[in-house]
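See below for the structure under consideration.
The values are calculated or read from the model by the stated rules, or taken from the named source; none is laboratory data. Quick caveat: nothing in here was measured; it's all calculated off a predicted structure. All Cβ positions, even for glycine, are placed from backbone atoms using ideal geometry, and neighbour counts span all protein chains on display.
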Amino acid sequence: MRLPIVAVLLCCSAVSVVSINPPQSASAQAAPTGKPLLSPPAKANVTLPDATITIDYSAPSMRGRTIFGGLVPYDEVWRTGANPATTIKTTGNLQIGDLNVPAGPYTLYSLPSASGWKLIVNKQTGQWGTVYDKARDLGRVQMSTGSTAAPVETMVIDFEKTTGNSTELHVKWANVDASVQVTAVK
């Protein structure tokens, strides 16, 4: 009789320990204890005279895989990274391509295809990267696409050609460099 009572007590103790832990955010869930992240957190920043822009993302690696048209299927919305959704925060109003983006936080998704890319700016924030609600799109803009000089093993989001209130947002991974003009507007 002692064995079933001990088992019940241990079970109840384990349940009570689990139940006192607060829910974790999407980013906290992405970091398993003691193991290196396969897609570590990364950040891109740029400061323009009328806005500071910060992009937080997780940077996946190729690891011998075919990326676009393989791991990332063509003509399907992609989280533009890995793990939690990629976020962009701006302190000022922006024009991304031909899309007006008011100051604030947003989520960035992409729509890669064999013939070109679109950048999606979405008003929903704080979600896991695969949670996408098209009804929350602020808008979609065409991106310029080109090839990188050499394969990019780990995805990079960065800002280039920054002059005055203008910069270019680049997403580089595998052999693709997709970019769009970003301008801070008053």
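Descriptive notes on the structure:
- Residues in the stretch 113-155 that are of a type outside the set (S, T, N, Q), touching a residue at least 24 places away in the same chain (Cβ under 8 Å) and closer than 14 Å to T87 by Cα: L119, I120, V121, G126, W128, G129, V131, Y132, L138.
- N100 falls short on exactly one of the conditions (1) assigned to a strand (DSSP E or B); (2) touching a strand residue (DSSP E or B) at 6+ places or on another chain (Cβ under 6 Å), and that condition is (2).
- Flag for S110 being touching a residue at least 60 places away in the same chain (Cβ under 8 Å), buried (at least 18 other Cβ atoms within 10 Å of the Cβ) and of a type in the set (G, A, S): yes
- The condition of being surrounded by fewer than 16 Cβ atoms within 10 Å (Cβ to Cβ) and under 19 Å from S61 (Cα atoms) holds for only one of E160, E153, that being E153.
- Just one of (1) in a strand (DSSP E or B); (2) modelled with pLDDT under 95 fails for C11. It is (1).
- Among the residues of the stretch 98-105, not a single one is under 30 Å from R63 (Cβ atoms) and either of a type in the set (D, E) or modelled with pLDDT under 95 (or both).
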